[in-house]
Amino acid sequence: MRLFNIGIFIVALLFVSVATVSEAAAQEEVKKYTIEQFLKTVSYSRASFSPDNSKILYTSDESGVFNAYSIELDGMQVTPLTNSDKDSIFTIGYFPDDERFLYTADQGGNELNHVYVRMLDGSSKDLTPGEKLKAQFLGWSQDDKSFYIGTNERDQRYFDVYEYDADSFEREMIFKNEEGHNFADITPDGQTIALSKTNTRDDSNIFLYDRDTQELKNITPHEGDINHNPATFSPDGKHLLFTTDADSEFTYLVSQDLETGARKTVKKADWDVVFASFSKHGKYFALGLNEDAKTKLEVYDGATMHPVGLPGIEGASINSINISRDESCVSMYVSSDKAPSDLYFYDLKGSDPIKLTSSLTTEINPDHLVSGEVVRFKSFDGVEIPGILYKPHQASANRKVPALVWVHGGPGGQSRTGYRGLIQYLVNNGYAIYAINNRGSSGYGKTFQQLDDHNHGKGDLDDCVSSKKMLTDTGYVDSERIGIIGGSYGGYMTLAALTFRPQEFECGVDLFGISNWHRTVQSIPPWWESQRKSLEKELGDFDDEEYFRSISPLFHSQYIVKPLMVLQGANDPRVIKPESDEIVAAVKKNGVPCEYVLFDDEGHGFRKKANQLRGYKAILEFVDKHLKK
């Protein structure tokens with residue numbers, strides 16, 4: 001079983017260039033667009049060819065809620081296949097021999113995803129029924145007669161692996177997960193399962209499980225902290241390809257002979273190899289590098305490993321591909337900083353690629369948007385910090401603009417290049433944005449990622465403060481009008497900035513951020529159990545209440561004196577609603593301006609366009625009030 005839906009991070013986009021005004025934009029005043037216009041942009045994701053390669057199944061939010069659609073390969077006929085107006089639906093793929101398809105959905109953002117099949121008559125069947133369970137699609141068997149799903153219905157902490165018959169949907173448990181192993185791949189003969197086992201964030205192993213003997217074997221025994229993560233089996237099932245950071249700052253790709261144990265390096269670079277996969281029958285092989293906050297996609301002949309060229313798309317880059325089961329054609333998602341991902345079709349015989357979708361509304365001139373520039377600066381202790389800087393067209397030494405330091409989620413996340421609607425909306429309205437990759441961010445080597453271990457709200461926060469000097473030194477940012485914004489861990493950083501560095505930022509926008517670390521780590525979803533030690537390695541002993549109180553803004557909220565906005569989903573299982581309720585109450589008690597936007601039908605992030613409209617408009621109004629006064 002080898003999946004070839006190659007993408008990275010729900011927002012992993014590419015193309016970086018210095019922010020410049022095009023000739024067309026330079027000759028006219030850059031237009032200011034409304035949030036309503038930005039939200040007319042459509043998000044497209046996922047792709048699966050129909051059995052006869054006549055159409056592609058994909059996911060889109062053009063209705064305001066994510067649903068399933070199909071599109072003919074000439075781009076002329078789009079067919080809605082689901083019509084949910086409540087819960088987001090994300091496609092998995094067509095069946096191999098007919099146009100039934102699989103999809104996944106949770107309930108109001110609670111992340112308790114189930115796996116469904118949409119039948120030929122338009123009806124849907126929940127393949128993973130039950131309460132309080134989470135299910136994950138794991139892939140198809142090589143013979144296409146069955147597929148694999150993981151669920152935590154038996155034990156909420158761990159995902160058992162089931163094999164489902166593709167016609168009857170009868171299932172059999174093929175791996176009982178009792179120690180927190182994570183499914184990665186299965187050999188083409190369906191005999192051997194590759195599993196990962198996380199010890200800490202910096203240390204993991206690969207196990208092979210034999211379905212007949214039920215033997216579970218560690219094939220990467222080692223000493224010290226080394227990560228090993230399975231990627232895919234070779235087409236003949238004789239080798240396992242996996243990534244490791246043994247004796248390296250970055251993860252690289254290795255192939256291990258399963259009979260002899262001999263290893264050879266397949267791909268090593270000065271950046272992390274983040275994914276690798278073969279096409280259905282092994283004709284093609286692809287891998288992705290996380291190259292300075294963008295994905296570099298490489299495709300090879302599966303037998304010779306000679307590079308295979310993909311067509312160039314002017315002004316944009318390919319960020320993911322999906323090769324049809326018969327390996328004759330490719331669907332591709334192509335994007336840039338100024339335009340979200342669009343779906344293309346490409347015949348591998350060599351014809352020109354065909355653009356099937358147009359994500360950016362025609363009401364927005366892309367020349368009026370901006371590209372991000374990767375900018376590095378020396379932080380308070382000399383550590384070099386990278387980030388992505390977005391300069392408004394109207395900014396100049398004679399027309400200085402306010403700025404926002406944008407902090408990604410995590411911990412251990414990364415701000416990446418590519419289209420971000422909220423960022424473009426704020427930049428279009430005159431804000432410089434610096435999407436910082438402070439110490440602790442992924443993508444820059446394991447030493448850099450470990451710099452904030454047991455040190456959150458300290459060195460990482462001082463990186464954010466230090467970035468203010470870089471922004472001021474651009475000559476176009478007003479040093480007296482800099483705020484901070486972020487979601488999840490970035491929301492925590494916003495609260496920490498206003499709490500522990502209370503005079504540094506003029507205001508803060510916290511999207512579902514942590515205010516009480518001890519409560520958050522004690523209430524992590526049960527299905528995160530396999531990652532518990534990894535989180536403890538980075539954050540600290542979950543039972544160390546005194547330490548977590550020391551870095552939690554809620555217990556030091558009396559120091560907050562600058563305006564705060566908080567946005568929260570009521571169904572968020574990661575950062576629960578009381579995290580926001582209580583910090584809002586505490587800040588209001590200080591007599592400090594504090595605005596609270598609560599979404600009853602969202603979880604960790606805001607998927608529905610109606611909610612994005614309300615939330616993003618409120619953010620602009622808030623920062624305008626406090627940074628443009």
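The values are calculated or read from the model by the stated rules, or taken from the named source; none is laboratory data. Bear in mind the structure is a predicted one, so any value in this text is a computation, not a measurement. FYI the Cβ positions are ideal-geometry reconstructions off the backbone, even for glycines, and counts take in every protein chain you see.
So T244 ticks every box in (1) of a type in the set (S, T, N, Q); (2) under 30 Å from R325 (Cβ atoms); (3) in contact with a His (Cβ under 9 Å, 6 or more places away or on another chain) but one. Which box is left unticked?
(2)
With the requirement that a residue be in contact (Cβ under 8 Å) with a residue 60 or more places away in the chain and within 18 Å of P51 (Cβ to Cβ), what does the stretch 75-96 give you?
Passing the criteria: G93, F95, P96.
For the stretch 336-368, which positions are acidic (D, E) and within 26 Å of R325 (Cβ to Cβ)?
Restricting attention to the stretch 336-368, the residues satisfying the condition of being acidic (D, E) are 337, 342, 347, 352, 363, 367.
Listed by number, the residues that qualify are D342, D347, D352.
Give me a count of the residues in the stretch 98-112 that are of a type in the set (G, A, S) and free of Cβ contacts under 8 Å to residues at least 40 places away in the same chain.
Qualifying residue count for the region: 1.
Does the stretch 198-212 hold any residues that are closer than 19 Å to I186 by Cβ and among the acidic types (D, E), and which are they?
Selection gives D210, D212.
For F169, indicate whether it is more than 23 Å from N229 (Cα to Cα) and among the aromatic types (F, W, Y).
Judged against the criteria, F169 is a match.
Quickly run through the stretch 396-408 and pick out the residues that are surrounded by fewer than 24 Cβ atoms within 10 Å (Cβ to Cβ) and either outside any strand (DSSP E or B) or of a type in the set (A, V, I, L, M) (or both).
Matches in the stretch 396-408: A397, N398, K400, V401.
Across the stretch 452-468, which residue is surrounded by the most Cβ atoms within 10 Å (Cβ to Cβ) among those that are at pLDDT below 95 and either among the hydrophobic types (A, V, I, L, M, F, W, C) or at positive phi (or both)?
Only one residue tops the list, namely G457.
Among K176, K132, K197, K217, which is the only one that is of a type in the set (K, R), more than 23 Å from G93 (Cα to Cα) and under 22 Å from the mean Cα position of the chain (by Cα)?
K197
Name every residue in the stretch 106-115 that is outside any loop (DSSP other than H, G, I, E, B) and either crowded, with 21+ Cβ neighbours inside 10 Å or modelled with pLDDT under 95 (or both), in order of residue number.
V115
Select from the stretch 423-443 the residues that are within 17 Å of the chain's Cα centre (by Cα) and not in a strand (DSSP E or B) and write down the one among them that is surrounded by the fewest Cβ atoms within 10 Å (Cβ to Cβ). Break it down into steps so the answer makes sense when it comes.
In the first step, residues of the stretch 423-443 are kept if they are within 17 Å of the chain's Cα centre (by Cα); the result is 423, 435-437, 440-443.
Retained after the next criterion (residues that are not in a strand (DSSP E or B)): 423, 437, 440-443.
Details: I423: 23, N437: 25, G440: 23, S441: 26, S442: 19, G443: 22.
So the residue we want is S442.
Report, by residue number, each residue of the stretch 493-538 that is of a type in the set (D, E, K, R), surrounded by fewer than 23 Cβ atoms within 10 Å (Cβ to Cβ) and closer than 30 Å to E480 by Cβ.
R501, E504, E506
Return yes when E170 is in contact with a Phe, Trp or Tyr (Cβ under 8 Å, 6 or more places away or on another chain), of a type in the set (D, E) and either touching a residue at least 60 places away in the same chain (Cβ under 8 Å) or under 28 Å from G540 (Cβ atoms) (or both) and no when it is not.
In short, no.
Could you please find all residues in the stretch 60-77 being surrounded by fewer than 16 Cβ atoms within 10 Å (Cβ to Cβ) and not in a loop (DSSP other than H, G, I, E, B)?
Matches in the stretch 60-77: E72 only.
Can you confirm whether the stretch 192-201 contains a residue that is free of Cβ contacts under 8 Å to residues at least 24 places away in the same chain, in a loop (DSSP other than H, G, I, E, B) and on the phi < 0 side of the Ramachandran plot?
Within the stretch 192-201, none of the residues are free of Cβ contacts under 8 Å to residues at least 24 places away in the same chain, in a loop (DSSP other than H, G, I, E, B) and on the phi < 0 side of the Ramachandran plot.
Do we have any residue at all in the stretch 406-421 that's β-branched (V, I, T), out of contact with any Lys or Arg (no Cβ under 9 Å at 6 or more places or on another chain) and touching a residue at least 60 places away in the same chain (Cβ under 8 Å)?
So far as the stretch 406-421 goes, yes, one or more of its residues are β-branched (V, I, T), out of contact with any Lys or Arg (no Cβ under 9 Å at 6 or more places or on another chain) and touching a residue at least 60 places away in the same chain (Cβ under 8 Å).
Within the stretch 225-233, can one find any residue that is crowded, with 21+ Cβ neighbours inside 10 Å, within 27 Å of the chain's Cα centre (by Cα) and among the hydroxyl-bearing types (S, T, Y)?
Yes, because at least one residue in the stretch 225-233 is crowded, with 21+ Cβ neighbours inside 10 Å, within 27 Å of the chain's Cα centre (by Cα) and among the hydroxyl-bearing types (S, T, Y).
Cβ-Cβ under 7 Å, sequence separation 6+ or interchain: first residue in the stretch 220-238 and in a loop (DSSP other than H, G, I, E, B), partner surrounded by fewer than 21 Cβ atoms within 10 Å (Cβ to Cβ) and of a type in the set (A, V, I, L, M). Which pairs?
Filtered contacts from the stretch 220-238: I226/A246; K238/L258.
Here is a list of conditions, (1) in a strand (DSSP E or B); (2) over 22 Å from the mean Cα position of the chain (by Cα); (3) closer than 22 Å to Q449 by Cα, and Y209 meets all of them except one; can you say which number that is?
Just one mismatch for Y209, condition (3).
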